[in-house]
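Student: The structure's right below; bear with me while I get my questions together.
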Amino acid sequence: MDIFESLDAIFQPKSIAVIGASNRAGKIGHSVITNLIDSKYEGPIYPINPKEEQILGLKAYASVSDVPGDIDAAVLIVPAKFALQVTKECGEKGVKGLIVIASGFSEMGKTDLEHEMVKLAHGYGMKVLGPNIVGVLSNSDKLNASFAPCLPLPGGAALVSQSGALLIAMDTSTYTRRVGFDKLISIGNMSDVDFGDCVSWLDADENTSAITLYIEGNRDGRKFMKAAQKATKPILALKSGISAHGAAAAASHTGSLAGAAKVYSAAFQQAGIVQATDLNNLFDRTLALTLQPPLRGDNLLIITNGGGVGVLATDAAERYGIPLTFAPKDVQAELKKHMPEFGSAKNPVDVTGMAGTDWYVESCGYAITHPWLDGLVVLYCETAVTDPMEIAKGVKQAIDQSGIKDKPVAISFVGGERSDAAIRWLVENGIPAYDAPDTAINAMAALREYAKIKENAAGATEYKTSGNREAALKIIEGARADGRDSLTEIEAKLVFAAYGMSVTKNILSTSEDDAVRLANEIGYPVVMKIVSPDILHKSDAGGVKVNVKDDAGVREAYQTILKNAKAYKADADVHGVVVQEMAPWGTEVILGSVNDPTFGPTMMFGLGGIFVEVLKDVTFRVTPVSPVQAKNMLTEINGAPILEGVRGEAPRDRKALADTIVKYSQMVYELADEISESDANPVLVYEDGKALKVADARIILKKK
Ligand code: ADP
Ligand code: MG
């Protein structure tokens, strides 16, 4: 049995056993049987309970081994202490997958028991969903194998949630929010079936059109990213626990560690996953992603009958980074025909409060077919003289009649009950409609982010290293043989150079005369720095002298550096003083790497210099970083304009910088077993065509 066969059994069981079924109302074992019956599940249901003859009118069995027919999935509701015994019985019976609602495992510190259950299940080819979950719900399979009250409002989305309580709450709220889901999957402790498995399975599921994830923490980040990269359906994720406070709450909540916000954002981007910022945002975006095609291109036209909502939409567009441009003159001229004299054909197109259904229909019908347009947002303010439902139907008809299916449309109606009814009608007829203009723009932003993110993720497939791993390993082994778990700047720069990065020339001196000779060899001016594995922040120790201009200066610097180092740390192991080529002034940036518990080696880029810790103007990626992603990193930081050249300064060599990011990422990716942390701070970046220079390098090794 392959993984997919077992997942099929868990998500679409042909027959189901409920171990721990109960006749007592209020028990989970009672709810699950009730829910299976109420959802009109069509396969056989086998309640398992040694003390009962019948449960809710169904014949009960003492054990799965007594069940006459095959069992596809078994729902486990027994106390944790019986988990292993029951798993074994299921395995012997030939059950294909386990839905473990039971709690009392890793979330209570019983991690070993959880591992043992999974190991045992795998021995029989069974996958385990859970434990500590609400269950599985599927409209298309008429399956409510959970203790959530009802099947969700039918629709195209599938939700995978790490929080059970939230899943139950979201379940009923699908009706009031009018966002339809085909499946709700509770993933709980994620002992076996994880987000990656769910994404792969749902991507192949014909009843799912968009995948929505509520993530607290993820274990195998790389597997998850791979599954998402391969997916052909939109994936939307809400990651909670991104604040320092939230991370602590999430950790105690599910027993899993929440990764850092920036790293998750990076991973989502690289894997082609659209992000939601909060719960409302999640529902609003889910609706758009299930109902509409991606927004491919930036030519978004807003049509409105009110200036106010038009301005609010414009503000929202800016917030979401959607540039609004005016339509070409011919489009404007045509649109002008469908509005009064004082209307505006710019963007937003204001057909004015005088607009009836006709003007909406004519302008929408015309605009959607025009090759210039990539997406359409229709805004409406309820007025006394117009009928929202008539406008909704008119707009929908105009779009249908255009025959255009690959351009997204989102709508906002602001008003009372009549507008609300029109919104409901639109959603039921496949158009995402909202009660506020900024929410309609948010929907369009999600469709735009999806298109962009997929495009970027696609460029990330090729990997061609520019590094010499063997040479780098030799240097690392040298330091290890020396009993160290950090490299000196000289060694670190050699590793960087082995990966093709441009570093300053540096040579170690162990005497004043030596230093003078090397300085003359390198050429004045030079930089001199302390070399000691015990002094990582050299400036703090008074261990850096820049712009040393002559022999006398070298002698003085040599003595001062050694004296300062001694004062800073008397017992420091000092290798000597490095004499270094003085790199010309350039824009200081920082590159760095850390090992993330979820995603492994990740890297950072940002504006460097002494304020880096204060400004925190940095952006992350999971390594290796593709050339496309490296370029994106350069535009993501707040200080991006500095690289583009401000106040008469020439633009910096962004090509060289992006190239260095790629190389750096390859270094930390290929040496993931060796490097625990690293940074290049500063990297001095010069004007276009003049490349850059790594002026300082640091590598901390993993302890072995
Ligand atoms: P630290 O260990 O304190 O980070 P650095 O090697 O980064 O020490 O040196 C401190 C500062 O000196 C750098 O931020 C940079 O401005 C300057 N600097 C260091 N090395 C060079 C060099 N080779 N060329 C030019 N400037 C340098
Ligand atoms: Mg430094």
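Student: Please work out the FRET efficiency for the pair residue 563 and residue 318, using the Cβ-Cβ distance as r and a Förster radius of 56 Å; give the result to the nearest 0.05. The partial results should precede the final answer.
Tutor: Working: r = 56 Å, r/R0 = 1.00.
Calculated value: 0.50.
Student: Taking 1 over the mean of 1/r across every pair of different Cα atoms in segment 513-633, what Kirkwood radius in Å do you get?
Tutor: Numbers: mean 1/r = 0.0599 Å⁻¹.
The answer is 16.7 Å.
Student: If you don't mind, there's one more thing I want to ask. D for segment 343-486, whole µm²/s, Stokes-Einstein with Kirkwood Rh over alpha-carbon pairs at 4 °C and 1.567 mPa s: what number?
Tutor: Numbers: Rh = 18.5 Å.
D = 70 µm²/s.
Student: Separate question: Between segment 683-704 and segment 285-317, how far is it from one alpha carbon centroid to the other, in angstrom?
Tutor: That distance is 43 Å.
Student: Working from the pairwise distances between different alpha carbons, so that the mean of 1/r is found and then inverted, what is segment 562-652's Kirkwood radius in Å? Intermediate results must be reported in sequence, preceding the final value.
Tutor: Details: mean 1/r = 0.0620 Å⁻¹.
In segment 562-652 this quantity evaluates to 16.1 Å.
Student: Using only Cα atoms and rounding to the nearest 10 degrees, what angle (0 to 90) does helix 261-271 make with the longest principal axis of the chain?
Tutor: On a 0 to 90 degree scale, this one is about 70.
Student: Follow-up question, since we're still on this one. Stick to the Cα atoms of the chain, pair each with every other, and give me the Kirkwood hydrodynamic radius in Å at one decimal.
Tutor: 29.0
Student: Below 29 Å Cα-Cα, how many Lys pairs turn up in segment 419-531? Only count pairs eight or more apart in sequence, or on different chains, if you could.
Tutor: Lysine pairs meeting the criterion: 11.
Student: With everything on Cα atoms, drop me the angle between helix 111-123 and the longest principal axis of the chain, reported from 0 to 90° to the nearest 10.
Tutor: 70
Student: Here's a follow-up. Students sometimes get this wrong: rank 11, 147 by accessible area, probe 1.4 Å, all chains present, largest first. Could the numbers behind the result be given before it?
Tutor: Numbers: 11 0, 147 65 Å².
Highest to lowest solvent-accessible surface, that is 147, 11.
Student: So for segment 8-88, averaging the separation of alpha carbon pairs under 8 Å that are six or more residues apart and normalising by length, what relative contact order in percent results?
Tutor: Details: 127 pairs, mean separation 29.9, N = 81.
This gives 37 percent for segment 8-88.
Student: Calculate how steeply helix 28-38 sits against the longest principal axis of the alpha-carbon atoms of the chain, using the helix alpha-carbon long axis, and give the answer as 0 to 90 degrees to the nearest 10.
Tutor: That works out to roughly 60 degrees.
Student: Tell me which residues come under 5 Å, amide H to amide H, from residue 675 once H is placed; ignore anything under 5 positions away on its chain.
Tutor: 702
Student: Here is a further query. On the accessible surface of the chain, probed at 1.4 Å, how many percent belong to carbon and sulfur atoms?
Tutor: Values: 15480 of 29250 Å².
Looking at the chain in its full context, I get 53 percent from C and S.
Student: Is segment 162-249 rounded, prolate or oblate when judged by the Cα gyration tensor, a ≥ b ≥ c being the square roots of its eigenvalues, rounded requiring a/c under 1.5 and prolate requiring a/b larger than b/c? Present the calculation step by step, with values, prior to reporting the outcome.
Tutor: Numbers: a/c = 1.76, a/b = 1.04, b/c = 1.70.
Taking the square roots of the gyration eigenvalues as a ≥ b ≥ c, segment 162-249 is oblate.
Student: Residue by residue, what Karplus-based ³J(HN,Hα) values in Hz, rounded to whole numbers, does segment 126-135 have, using 6.51, -1.76 and 1.60 with θ = phi - 60° and x for Gly and Pro?
Tutor: Values, residue by residue: 9, 8, 10, 9, x, x, 6, 10, 8, x Hz.
Student: Tell me the accessible surface of residue 42 in square angstrom (1.4 angstrom probe, heavy atoms of protein chains only), to the nearest ten.
Tutor: Using a 1.4 Å probe on the heavy atoms, I get roughly 140 Å².
Student: Using Cα centres only, tell me the gap between segment 504-572 and segment 118-139 in whole Å.
Tutor: 62
Student: Under the definition of Cα pairs under 8 Å and six or more residues apart, what whole-number percent is the relative contact order of the chain?
Tutor: Working: 1547 pairs, mean separation 58.1, N = 704.
Dividing the mean separation by the residue count of the chain yields 8 percent.
Student: Now for a separate question. What per residue convex hull volume, in Å³, do the alpha-carbon atoms of segment 26-117 yield?
Tutor: It is 106 Å³ per residue.
Student: Assign one of three labels to segment 89-229, namely rounded, prolate or oblate, based on the Cα gyration tensor with a ≥ b ≥ c the square roots of its eigenvalues; rounded applies when a/c is under 1.5, prolate when it is not and a/b is larger than b/c, and oblate otherwise. Walk me through the numbers before you get to the answer.
Tutor: Values: a/c = 1.59, a/b = 1.49, b/c = 1.07.
Prolate, since a/c reaches 1.5 and a/b exceeds b/c.
Student: Given points 7 Å out from each Cα along the Cα-Cβ axis, report the residue 14 to residue 278 separation in nanometres with one decimal.
Tutor: Taking the two extended label points, one gets 4.7 nm.
Student: Still on this structure, please answer the following. Aspartates and glutamates near residue 81 by alpha-carbon distance under 18 Å, same-chain residues fewer than 8 away left out - which ones?
Tutor: Result set, ordered by chain and number: 89, 107, 112, 114, 116.
Student: Still on this model: Relative contact order for segment 60-159: what percent, with Cα pairs under 8 Å and sequence separation of 6 or more? Don't jump to the answer; show the numbers that get you there.
Tutor: Details: 145 pairs, mean separation 23.2, N = 100.
Once normalised by length, the contact order is 23 percent.
Student: Considering only the chain, what is the antiparallel percent among its DSSP beta bridges, to the nearest 5?
Tutor: Values: 53 of 101 bridges.
The antiparallel proportion sits near 50 percent.
Student: Just tell me which aspartates and glutamates come within less than 20 Å, Cα to Cα, of residue 545; anything on the same chain fewer than 8 places away is out.
Tutor: 489, 491, 512, 513, 514, 521, 534, 556, 573, 581, 588, 696
Student: A follow-up question, please. How much mean residue ellipticity at 222 nm does the chain get from its helices, if each DSSP H run of length 4 or more adds -39500 (n - 2.57) and you divide by all residues, to the nearest 500 deg cm²/dmol?
Tutor: Helices in the chain give a 222 nm mean residue ellipticity of -12500 deg cm²/dmol.
Student: How are the Cα pair distances of segment 338-401 distributed, in percent, across 5 Å bins from 0?
Tutor: Reading the bins upward from 0: 4, 18, 30, 28, 16, 4, 1.
Student: From the mean inverse distance of alpha carbon pairs (Kirkwood) and the Cα radius of gyration, derive Rg over Rh for segment 109-161. List each step's numbers first, then the result.
Tutor: On the way: Rg = 14.3 Å, Rh = 13.2 Å.
Across segment 109-161, the Cα-based Rg/Rh ratio is 1.08.
Student: Once the whole set of protein chains is in place, how much accessible area is left on residue 176, using a 1.4 Å probe, in Å² to the nearest 10?
Tutor: Number for this one is 110 Å².
Student: Can you list the aspartates and glutamates whose alpha carbon sits under 16 Å from that of residue 93, skipping same-chain ones fewer than 8 residues off?
Tutor: Reachable aspartates and glutamates: 66, 70, 72.
Student: Residue-wise, which Karplus ³J(HN,Hα) couplings in Hz belong to segment 591-597, taking 6.51 cos²θ - 1.76 cosθ + 1.60, θ = phi - 60°, and x for glycine or proline?
Tutor: Once rounded to whole Hz, the list reads 10, x, 9, 9, 9, 8, x.
Student: Suppose accessible area is computed on protein heavy atoms with a 1.4 Å probe; arrange 383, 208 from highest to lowest. Provide the component values of the computation, followed by the final result.
Tutor: Values: 383 35, 208 5 Å².
Sorted by accessible area, descending: 383, 208.
Student: May I pose another question? Counting only the heavy atoms of the protein chains, how much of residue 618 is accessible to a 1.4 Å probe, in Å² to the nearest 10?
Tutor: Looks like 20 Å² after rounding.
Student: If you don't mind, another one. Going by the alpha-carbon gyration tensor, a ≥ b ≥ c the square roots of its eigenvalues, is segment 298-347 rounded (a/c under 1.5) or, if a/c is not under 1.5, prolate (a/b greater than b/c) versus oblate?
Tutor: Working: a/c = 3.43, a/b = 1.45, b/c = 2.36.
It comes out oblate by the Cα gyration axes.
The values are calculated or read from the model by the stated rules, or taken from the named source; none is laboratory data. In this text, all values refer to a predicted model and were calculated from it rather than measured experimentally. Methodologically, a virtual Cβ is constructed for each residue, glycine included, from the backbone with ideal geometry; neighbour enumeration extends over all protein chains shown. To get the accessible areas, we keep the full protein, side chains included, count just its heavy atoms, and leave off ligands, DNA and RNA. Shrake-Rupley method; radii C 1.70, N 1.55, O 1.52, S 1.80 Å.
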